[in-house]
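> Okay, handing you the structure first.
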Amino acid sequence: MAKFELKLPKMGESVAEATITSWLKEVGDTIEMDEAVLEIATDKVDSEVPSEVDGVLVEKLFNVDDVVQVGQTIAIIETDADVADTQAAPQAEPVKEEVEAEPAAVAQVAETVQAAQEAVAPVVSTEGRFYSPLVRNIAKEEGISQAELDKISGTGKEGRVTKNDILAYLENRGSQPVQDAVATPQPAKVDVPQVNGTQQAKPAAAPVVASGEDEIIEMSRMGKLIAHHMVESVQTSAHVQSFIEADVTNIWNWRKKVKDGFAKREGENLTFTPIFMEAIAKALKDFPMMNISVQGDKIIKKKHINLGMAAALPDGNLIVPVIKDADQLNLVGMTKKVNDLANRARVNKLKPDEIQGGTYTVTNVGTFGSIMGTPIINQPQVGILALGAIRKVPAVVETPEGDFIGIRYRMFLSHSYDHRVVNGALGGQFVKAVKDYLEAWDVNRDI
């Protein structure tokens, strides 16, 4: 029998850790090669970790909500086959030198070890409170006693103490008393740090206030991340907007004519999104200074045009998968890519790399009936375009024979951009270029 170490795989260039969200297998379960063993969550994406071998799960080294670093062993699988140990080369046993130690020295070392063990006894789960291996290790390293740990208020599921809880406690250790996990809420305390010898008041977080009939709902992990990113973006970029209305009658009529044949031939639905993405990618090639990011006082001009596509999830949150090198795709390729990313986003099957590296973002607020919006920039990008609902409206139609009122399909394009580096001229010219590409659509185009 051989034992195989299942490690957290590398999930992207900038992904260093993940949180375990659930175990799909229990100790003693039989596992087949490529079968999912557990589910993990990175910054925004939920993924599964498959087994690399056939065998039986004999040990789980981490629990739900634990944070695991890439490359760490997360489980042990026992397999009948001999598994080549490529994870760590066997080390030669050290040469043992027999050294006779004096009995008094040996006794002194034993007493020291015993004293250290008694001073910091290992913490365990008590009175229904569960502590993950990560929390127990931190407590051990920092010399937190069992009684001390039991008094830390937990924000995890069912009051569980998380990594953030114990780290926050360590930051304030010695300056604030530990609150009982179920103690009556006390007025928020104010931490007063010393700055240049003068005390500067730092306001604490305000307590949650609700009446007896109100429901308090804990924000989801993704909800907290989105909230943080939105606030950070508003504090970082000087947001300004430009709006323009586009006549998409030709696109509406062309799509209606070709969509059935396209679906039969390609097995894909032709939506408006890939058509809009194609026009936006062309406009970014025309105005490369919209395809940039800001780092300090430096502007980074991007070589690739990677379009982020905001997609709604069943739980109400949003995620932004990225179409890499969007300007290199024809309309068929763009349609397949858009549909694939959107479908996998809805079932949490995106890979971490598929939500990273975007250089410009598009969001379709028209999906929810909005005719326009003022979207927040997806940092570190400098622009985001909101597509409004397509409406059938009366409009002035200009012809060589004169003007007349006709029924047209029109939509608003709302462009938010970072006024630190994008002035009104560039921001307006870019969104007008998108409008021009849409209105110049060839009704006889083959696909």
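The values are calculated or read from the model by the stated rules, or taken from the named source; none is laboratory data. The shown structure was predicted, so the numbers you read here are calculated from the model rather than taken from an experiment. Reconstructed Cβ throughout: ideal geometry from the backbone, glycine too, with neighbour counts over all protein chains shown.
Quick grid of which residues meet (1) under 24 Å from Ile407 (Cβ atoms); (2) more than 28 Å from the chain's Cα centre (by Cα):
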| residue | (1), (2) |
| --- | --- |
| Asn253 | yes, yes |
| Gly261 | no, yes |
| Phe276 | yes, no |
| Ile280 | no, no |
| Asp286 | no, yes |
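> From Val56, Val67, Val49, Val123, which residue is closer than 30 Å to Arg173 by Cα, modelled with pLDDT of 75 or more and either surrounded by 16 or more Cβ atoms within 10 Å (Cβ to Cβ) or in contact with a Leu (Cβ under 7 Å, 6 or more places away or on another chain) (or both)?
Val67
> Then there is this: Identify all residues within region 349-378 that are part of a loop (DSSP other than H, G, I, E, B) and over 17 Å from the mean Cα position of the chain (by Cα); write none if there are none. Lay out the reasoning, then the answer.
Restricting attention to region 349-378, the residues satisfying the condition of being part of a loop (DSSP other than H, G, I, E, B) are 349-351, 356-359, 364, 369-378.
Correct list: Asn364, Gly369, Ser370, Ile371, Met372, Gly373, Thr374, Pro375.
> Can you say whether Leu318 is surrounded by fewer than 21 Cβ atoms within 10 Å (Cβ to Cβ) and either at pLDDT below 90 or in contact with a strand residue (DSSP E or B) (Cβ under 8 Å, 6 or more places away or on another chain) (or both), as far as the supplied structure shows?
yes
> Determine if region 300-312 includes at least one residue that is crowded, with 16+ Cβ neighbours inside 10 Å and modelled with pLDDT under 90.
Scanning region 300-312, I find at least one residue that is crowded, with 16+ Cβ neighbours inside 10 Å and modelled with pLDDT under 90, so the answer is yes.
> Another question, if that's okay. Could you look through region 231-260, keep only residues that are touching a residue at least 24 places away in the same chain (Cβ under 8 Å) and among the aliphatic types (A, V, I, L, M), and pick out the one that is farthest from Val434 (Cα to Cα)?
The residue in question is Val234.
> Here's a follow-up. Please go through (1) of a type outside the set (Phe, Trp, Tyr); (2) at pLDDT below 90; (3) surrounded by 13 or more Cβ atoms within 10 Å (Cβ to Cβ) for Pro94 and return the number of the only condition it doesn't satisfy.
Of the numbered conditions (1) of a type outside the set (Phe, Trp, Tyr); (2) at pLDDT below 90; (3) surrounded by 13 or more Cβ atoms within 10 Å (Cβ to Cβ), the odd one out for Pro94 is (3).
> Moving on. Kindly indicate whether any position in region 407-426 is assigned to a strand (DSSP E or B) and without any contact (Cβ under 8 Å) to a residue 60 or more places away in the chain.
The answer is yes, given that some residue of region 407-426 is assigned to a strand (DSSP E or B) and without any contact (Cβ under 8 Å) to a residue 60 or more places away in the chain.
> Please pick out the residue among Val294, Val322 that is in the same structural domain as Gly427 (by TED's automatic domain parsing) and closer than 25 Å to Lys259 by Cα.
None of the others qualify; the one that does is Val322.
> So, Asp286, is that one closer than 20 Å to Val422 by Cβ, of a type in the set (D, E, K, R) and surrounded by fewer than 15 Cβ atoms within 10 Å (Cβ to Cβ) or not?
Taking the combined requirement at face value, the residue satisfies it.
> Taking region 258-283 only, how many residues are of a type in the set (Gly, Ala, Ser) and surrounded by 15 or more Cβ atoms within 10 Å (Cβ to Cβ)?
3
> Condition first: part of a strand (DSSP E or B), of a type in the set (A, V, I, L, M, F, W, C) and under 24 Å from Arg160 (Cβ atoms). Now tell me which residues in region 37-65 satisfy that.
Start the filter on region 37-65 by keeping residues that are part of a strand (DSSP E or B), which leaves 37-41, 46-50, 55-60.
Subsequent filtering for residues that are of a type in the set (A, V, I, L, M, F, W, C) retains 37-38, 40-41, 49, 56-58.
Within region 37-65, Val37, Leu38, Ile40, Ala41, Val49, Leu57 meet the criteria.
> Oh, and also: I'm told Ser370 meets every condition in (1) in contact (Cβ under 8 Å) with a residue 24 or more places away in the chain; (2) at negative phi except one. Can you identify the failing condition by its number?
Unmet for Ser370, out of (1) in contact (Cβ under 8 Å) with a residue 24 or more places away in the chain; (2) at negative phi: (1).
> Scanning region 148-179 for residues that are at pLDDT 75 or above, among the small types (Gly, Ala, Ser) and part of a loop (DSSP other than H, G, I, E, B), which turns out surrounded by the most Cβ atoms within 10 Å (Cβ to Cβ)?
Gly154
> For region 379-406, how many residues meet the condition of being surrounded by 20 or more Cβ atoms within 10 Å (Cβ to Cβ) and part of a strand (DSSP E or B)?
Qualifying residue count for the region: 6.
> If we scan region 261-276, do we find a residue that is polar (S, T, N, Q) and in contact with a strand residue (DSSP E or B) (Cβ under 6 Å, 6 or more places away or on another chain)?
no
> Could you list, in sequence order, the residues of region 409-427 that are basic (Lys, Arg) and under 17 Å from Gly366 (Cα atoms)?
Arg410, the sole residue that qualifies.
> For the structure I just gave you, tell me whether Ile384 is in the same structural domain as Leu426 (by TED's automatic domain parsing) and either in contact with a Lys or Arg (Cβ under 8 Å, 6 or more places away or on another chain) or farther than 30 Å from Asp442 by Cα (or both).
Considered against the rule, which asks whether it is in the same structural domain as Leu426 (by TED's automatic domain parsing) and either in contact with a Lys or Arg (Cβ under 8 Å, 6 or more places away or on another chain) or farther than 30 Å from Asp442 by Cα (or both), Ile384 comes out as no.
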